Amino acid sequence: MKIGIGSANITDARASGRMVAEGALNSGSIDRPDLVLAFCSGGLAHAEFFEGLQMVFGRRVPIVGGSAIGIITPDTLSYTGHPAGALAIQSDEIRCQIAAADRLNEDEKDAGRRLAQQIERTPEDRLSIFLKKTVQRST
């Protein structure tokens with residue numbers, strides 16, 4: 001398994017995504033990322049950050065993550081400016097599946113059931129990571 005981490009703290013969201021992705025690939029000597037976890041501050045345009053990531057990782061690599069108040073890596077600790085980071089994983093042993101369920105706020109048990117139905121389970125499975133999308137409403 002190979003793991004690489006990249007980070008940036010610049011205002012240009014697309015360039016930040018590219019810089020973060022290139023840093024993750026380079027730091028982990030990754031040539032075939034299987035999964036990317038990526039986060040950026042609310043001060044960056046998230047869609048442009050994602051586009052920058054895809055420019056380097058490609059459109060077939062699953063990229064999951066979201067907004068963060070800061071970034072902590074082995075080399076970076078930042079809660080100011082426009083922090084962004086990504087962790088890229090390349091592995092022949094780990095099998096990644098991505099699933100999503102909506103209407104969590106209406107019925108979390110039903111959303112959980114629908115989510116579980118989408119995941120193919122095997123006896124070897126050992127880890128699940130869940131991220132919740134939060135929508136901020138302006139008043």
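Scanning segment 79-117 for residues that are closer than 24 Å to residue 13 by Cβ and modelled with pLDDT of 90 or more turns up 79, 80, 81, 82, 83, 84, 85, 86, 87, 88, 89.
Annotation: of all residues in segment 97-126 being of a type in the set (Lys, Arg) and outside any loop (DSSP other than H, G, I, E, B), the one that is surrounded by the most Cβ atoms within 10 Å (Cβ to Cβ) is 114. Suppose we filter 69, 94, 89, 129 for residues that are at negative phi and not in a loop (DSSP other than H, G, I, E, B); which single one remains? Every option except 89 fails the conditions. Of all residues in segment 79-113, how many are small (Gly, Ala, Ser) and under 20 Å from residue 27 (Cα atoms)? Total meeting the criteria: 5.
Selection of segment 68-79 for residues being touching a residue at least 60 places away in the same chain (Cβ under 8 Å), exposed (fewer than 15 other Cβ atoms within 10 Å of the Cβ) and of a type outside the set (Asp, Glu) yields only 74. Looking at this structure, is residue 38 in contact with a strand residue (DSSP E or B) (Cβ under 7 Å, 6 or more places away or on another chain), not assigned by TED's automatic domain parsing to the domain that holds residue 130 and not in a strand (DSSP E or B)? No: the conditions fail for residue 38. Just one of the numbered conditions (1) touching a residue at least 12 places away in the same chain (Cβ under 8 Å); (2) within 29 Å of residue 2 (Cβ to Cβ) is not true of residue 101: (2).
The values are calculated or read from the model by the stated rules, or taken from the named source; none is laboratory data. Predicted, not measured: the structure shown is a model, and the values here were computed from it. Counting neighbours? That spans all protein chains shown, and the Cβs are built from the backbone with ideal geometry, glycine included.
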